[in-house]
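Report on one structure; see the data block that follows.
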Amino acid sequence: MAERVRKAFSVRRLPGFTTVTMICFAALYAPIIVIVLYSFNAGDSVALWEGFSLDWYAVAAQNEQVQDATLRSLLIALWASGIATTLATMAALGTTRTAKFPGSTLIYVLINQPLMVPEIVTAVALLIFFASIKVATGYSGLAYLILAHAAFCVPFAYLPIRARLEGMDRVLEIAAADLYATPWQTFRRVTLPLVAPGIVAGAMLAFVISLDDVIITEFVKSAGQDTLPTYMLGQLRRAVTPEVNAISTALLGLTILLLTAFFILTGRNDKSA
Amino acid sequence: MTLEAGQPRSLEAEATNRRIRRNWLLSLPAILLLLVGASGPLLIVLVYSFLKPGDFSGVVWEPSFNAWFQILFSRDIFDDTVGLADAHLTIFWRSVRLSLATTLITLLLGLPTAYFIATRSGRQRTFWLFLITIPFWTNLLIRTFAILEMLRNEGIVNNSLMSLGLIAEPIQILYTDTAVLIGMAYVYLPLMVLPLYAAIERLDFRLVEAGYDLYANRLQVFRKVILPIIKPGIVAGSILVFVPSLGAYVTPRVLGGGKNMMIGNFIELQFGQGRNWPLGSSLSILLLLIVMAALLFYVRASSREEPHG
């Protein structure tokens, strides 16, 4: 339609915008690319290239602290995203498959609260709260971290699930109910299969968010409970090592993998919905 | 898509509707988790801000407004005179200044980028959007760390400036406010681009065409046609960048070193070495109030806008 105009000049183009965009993307990617490249550096310098090697990945993989932190990160992220996704699915059903009621805005605000409060404030609040519980109960295991992560992961799981539920036509669910399916049967046979891509997307977002968290983990963890990000933060205080580059690159790879899956999944949603 | 759309057509449907009315109970577990893991503890912070600090850490359960007083004023230990707390004001001013500057930089870079992406066709658009999303989901620490690498004295920025002959010796960028600003602009840029993109994507280009037809030049069209329509996106992006900038903790800590603190680091200090939990609590509540004010401003600004296109 605009083809006719584009020959003379495009209404969609503004002078200089493409240049700024390219600068923008170069600036966004250059630092990340440097990190990735130098994780394959043979030397121990992060400024001087001394040839390709996978040594730093081996060093990182053999470091017991890194092994522990990786396992702990994965354990927390799995539990937290599992809990958050389950509760978020229930909450999304509860807020979309319901008649309007007075408290609905309040529920919405509560669920999205972690997105609105600065993370440092939540971190400090949890520090105070859990510190007194730790003293009172004597328990200082991973449950605090899992609980905290699950809480701030809820909105990240909730939003895609809710979006999916809102985009779904209710005709099938109503038809199932009309055909004497119990609420559970309707959910299990009709709603759940339809909402599944939203749930998987929400779970993946929650997983990545939990895996990446620094601030809340740093404040809530007890001694010896480093996750990968807090371990890296601790390392930065001493010296910059290619080992941290290697860990960063590995984490980056995992994130891109999950993101690509997420995009494919939600992309397919758009077509079917 | 609301329930009202499906009018009860039979007794069974009516029964379904009645059942559906209790469905909100399904939200209870999530609410409970958030009350324990997020909202509830905030109330404790509020209470703590009105107590006295304990000797080593924690609080003494005696009511006091001292923490709120300490935010702005300090009492001289010798002659008991009250003066403005300069150190605190410096930190507040730095936080506000750097957050505003971050918002401005990301807007100047993000607006053309979002415009560029929104004016691509289908598949290309998905590709560029994906490129913006990768840094967005990359660990904040990794991105800050990447900037640290770039800005070091032996880093790429200094090396290339030196090999170009622009400078003779490396300039100290790291551990300055400039480093914090660069870092924050870098990590929050995607937060600006995404809402701007959403706004520009909805822009009706027939209006732009009409502007050109009426002999407006590019600048006039941009200022008089495009800018007013995408204003909600600009407001949304600015809030999304300003709010986390103001509460930033990791970026100032890694790139600013110990001296170039922002409010987030100052709050942490009160719970660590500072051993003044009530002051840390009152600062947290203050930060929260500022953020809430910004969000409220956003909600009011966006609800007043009529939908375009």
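Only residues that are exposed (fewer than 15 other Cβ atoms within 10 Å of the Cβ) and outside any helix (DSSP H, G or I): list them for region A:95-106, please. Give the steps one after another, and end with the answer.
Of the residues in region A:95-106, the ones exposed (fewer than 15 other Cβ atoms within 10 Å of the Cβ) are A:100-103, A:105-106.
Selection gives A:Lys100, A:Phe101, A:Pro102, A:Gly103.
Could you list, ordered by first residue, the pairs with Cβ atoms under 6 Å in which the first is in region A:136-163 and over 12 Å from A:Asp213 (Cα atoms) and the second is charged (D, E, K, R), at least 6 apart or interchain?
A:Ser140/A:Lys134
Here's a check for you: in region A:30-63, which residue that is of a type in the set (Phe, Trp, Tyr) and in a helix (DSSP H, G or I) is nearest to the other protein chains (Cβ to nearest Cβ)?
Kept after step one, since they are of a type in the set (Phe, Trp, Tyr), are these residues of region A:30-63: A:38, A:40, A:49, A:52, A:56-57.
Those left that are additionally in a helix (DSSP H, G or I): A:38, A:56-57.
On the way: A:Tyr38: 8, A:Trp56: 14, A:Tyr57: 16 Å.
Going through the qualifying residues, I end up with A:Tyr38.
Output the number of residues of region A:140-151 satisfying the condition of being in a helix (DSSP H, G or I) and over 19 Å from B:Ile267 (Cβ atoms).
As a first pass, look at region A:140-151 and keep what is in a helix (DSSP H, G or I): A:143-151.
If we keep only those that are over 19 Å from B:Ile267 (Cβ atoms) too, we end up with A:143-147, A:149-151.
Number satisfying all stated conditions: 8.
Can you find even one residue in region B:3-14 that is over 28 Å from A:Leu145 (Cβ atoms), surrounded by 12 or more Cβ atoms within 10 Å (Cβ to Cβ), modelled with pLDDT under 75 and small (Gly, Ala, Ser)?
If we filter region B:3-14 for residues that are over 28 Å from A:Leu145 (Cβ atoms), which is where we start, we get B:3-14.
Keeping just the survivors that are surrounded by 12 or more Cβ atoms within 10 Å (Cβ to Cβ) gives B:3, B:6, B:8, B:12-14.
Keeping just the survivors that are modelled with pLDDT under 75 gives B:3, B:6, B:8, B:12-14.
Narrowing the set further to residues that are small (Gly, Ala, Ser) leaves B:6, B:13.
Yes, that holds for at least one residue.
Given the criterion away from chain A (no Cβ under 12 Å), more than 21 Å from B:Leu72 (Cβ to Cβ) and not polar (S, T, N, Q), identify the matching residue among B:Ile239, B:Ile234. Write out each step before concluding.
Values: B:Ile239 fails: away from chain A (no Cβ under 12 Å).
Selected residue: B:Ile234, the only one of B:Ile239, B:Ile234 that is away from chain A (no Cβ under 12 Å), more than 21 Å from B:Leu72 (Cβ to Cβ) and not polar (S, T, N, Q).
Mind listing whichever residues of region A:81-94 are within 7 Å of another protein chain (Cβ to nearest Cβ) and either of a type in the set (A, V, I, L, M, F, W, C) or surrounded by fewer than 19 Cβ atoms within 10 Å (Cβ to Cβ) (or both)?
A:Leu87, A:Ala88, A:Met90, A:Ala91, A:Leu93
Write out, first by first residue and then by second, each pair whose Cβ atoms fall under 6 Å of each other, whose residues are 6+ apart or on separate chains, and whose first residue, in region A:218-231, is within 17 Å of A:Thr70 (Cβ to Cβ) while the second is among the β-branched types (Val, Ile, Thr) and outside any helix (DSSP H, G or I).
Between residues of region A:218-231 that are within 17 Å of A:Thr70 (Cβ to Cβ) and residues that are among the β-branched types (Val, Ile, Thr) and outside any helix (DSSP H, G or I), the close pairs are A:Pro229/A:Val214.
I'm told B:Asp177 meets every condition in (1) within 12 Å of another protein chain (Cβ to nearest Cβ); (2) surrounded by fewer than 20 Cβ atoms within 10 Å (Cβ to Cβ) except one. Can you identify the failing condition by its number?
Single failed check for B:Asp177: (1).
Inspect region A:118-139 for any residue being crowded, with 22+ Cβ neighbours inside 10 Å and not in a helix (DSSP H, G or I) and give the result as yes or no.
yes
Could you tell me how many of the residues in region A:184-211 are under 30 Å from B:Asn265 (Cβ atoms) and either free of Cβ contacts under 8 Å to residues at least 40 places away in the same chain or among the hydroxyl-bearing types (Ser, Thr, Tyr) (or both)?
Initial filter on region A:184-211 (under 30 Å from B:Asn265 (Cβ atoms)): A:205-211.
Now drop any that are not either free of Cβ contacts under 8 Å to residues at least 40 places away in the same chain or among the hydroxyl-bearing types (Ser, Thr, Tyr) (or both), which leaves A:210.
Here the count works out to 1.
Suppose we filter A:Val109, A:Val66 for residues that are of a type in the set (A, V, I, L, M) and within 13 Å of another protein chain (Cβ to nearest Cβ); which single one remains? If you could, list the steps in order and put the result at the bottom.
Values: A:Val66 fails: within 13 Å of another protein chain (Cβ to nearest Cβ).
Exactly one residue qualifies, and that residue is A:Val109.
Checking B:Pro170 against (1) in contact with a Lys or Arg (Cβ under 9 Å, 6 or more places away or on another chain); (2) touching a residue at least 24 places away in the same chain (Cβ under 8 Å); (3) more than 8 Å from every other protein chain (Cβ to nearest Cβ): exactly one of these is not met. Which one?
Only one criterion in (1) in contact with a Lys or Arg (Cβ under 9 Å, 6 or more places away or on another chain); (2) touching a residue at least 24 places away in the same chain (Cβ under 8 Å); (3) more than 8 Å from every other protein chain (Cβ to nearest Cβ) is unmet by B:Pro170, namely (2).
Kindly indicate whether any position in region B:160-169 is part of a helix (DSSP H, G or I), acidic (Asp, Glu) and out of contact with any Leu (no Cβ under 9 Å at 6 or more places or on another chain).
Applying the first criterion (part of a helix (DSSP H, G or I)) to region B:160-169 yields B:160-163.
Add one more test, that the residue is acidic (Asp, Glu), and what stays is none.
No, that holds for no residue.
Go through region B:143-163 and report how many residues are more than 8 Å from chain A (Cβ to nearest Cβ) and within 24 Å of A:Leu259 (Cβ to Cβ). Even if it seems obvious, please write down each step before you answer.
Taking region B:143-163 and keeping what is more than 8 Å from chain A (Cβ to nearest Cβ), we get B:144, B:151, B:153, B:157-158, B:160-163.
Narrowing the set further to residues that are within 24 Å of A:Leu259 (Cβ to Cβ) leaves B:144.
Result for region B:143-163: 1.
I'd like to check something: does region A:107-117 contain any residue that is closer than 22 Å to A:Thr227 by Cβ, in a helix (DSSP H, G or I) and either out of contact with any His (no Cβ under 8 Å at 6 or more places or on another chain) or modelled with pLDDT of 90 or more (or both)? Working first, answer last.
At the first step, the residues of region A:107-117 found to be closer than 22 Å to A:Thr227 by Cβ are A:114-115, A:117.
Adding the requirement that they be in a helix (DSSP H, G or I) leaves A:114-115.
Then drop every residue that is not either out of contact with any His (no Cβ under 8 Å at 6 or more places or on another chain) or modelled with pLDDT of 90 or more (or both), which leaves A:114-115.
Scanning region A:107-117 turns up at least one residue that is closer than 22 Å to A:Thr227 by Cβ, in a helix (DSSP H, G or I) and either out of contact with any His (no Cβ under 8 Å at 6 or more places or on another chain) or modelled with pLDDT of 90 or more (or both).
Would you confirm whether any residue within region B:273-292 is exposed (fewer than 15 other Cβ atoms within 10 Å of the Cβ), assigned to a helix (DSSP H, G or I) and at pLDDT 90 or above? Reasoning before the result, please.
Restricting attention to region B:273-292, the residues satisfying the condition of being exposed (fewer than 15 other Cβ atoms within 10 Å of the Cβ) are B:273, B:289, B:292.
Filter once more, keeping what is assigned to a helix (DSSP H, G or I): B:289, B:292.
Next, from what is left, pick out any that are at pLDDT 90 or above: B:289, B:292.
Yes: one or more hits.
Would you please name the residue that is modelled with the highest pLDDT, looking only at residues in region A:259-268 that are surrounded by 16 or more Cβ atoms within 10 Å (Cβ to Cβ) and more than 8 Å from chain B (Cβ to nearest Cβ)?
From region A:259-268, those surrounded by 16 or more Cβ atoms within 10 Å (Cβ to Cβ) are A:259, A:262, A:265-266; that's our starting set.
Add one more test, that the residue is more than 8 Å from chain B (Cβ to nearest Cβ), and what stays is A:262, A:265-266.
Values: A:Phe262: 77, A:Leu265: 73, A:Thr266: 69.
Here the answer is A:Phe262.
Applying the selection to region B:143-159, what residues are charged (D, E, K, R) and in a helix (DSSP H, G or I)?
First pass over region B:143-159, keeping only residues charged (D, E, K, R): B:143, B:149, B:152, B:154.
B:Arg143, B:Glu149, listed by residue number.
Is there any pair linking a residue in region B:117-142 that is over 29 Å from A:Tyr231 (Cβ atoms) to one that is of a type in the set (Gly, Ala, Ser), with Cβ under 8 Å and at least six apart or on different chains, and which?
Here the result reads B:Arg125/B:Ala118; B:Thr126/A:Gly267, each pair linking region B:117-142 to a residue that is of a type in the set (Gly, Ala, Ser).
Mind listing whichever residues of region B:203-219 are surrounded by 15 or more Cβ atoms within 10 Å (Cβ to Cβ) and more than 10 Å from chain A (Cβ to nearest Cβ)? Lay out the reasoning, then the answer.
Step one: filter region B:203-219 for residues surrounded by 15 or more Cβ atoms within 10 Å (Cβ to Cβ), giving B:203, B:205, B:207-209, B:211-212, B:216, B:218.
Once the filter is applied, which keeps residues that are surrounded by 15 or more Cβ atoms within 10 Å (Cβ to Cβ) and more than 10 Å from chain A (Cβ to nearest Cβ), region B:203-219 yields only B:Ala216.
The values are calculated or read from the model by the stated rules, or taken from the named source; none is laboratory data. Only a predicted model underlies this, so the values are computations on that prediction, with no experimental measurement involved. FYI the Cβ positions are ideal-geometry reconstructions off the backbone, even for glycines, and counts take in every protein chain you see.
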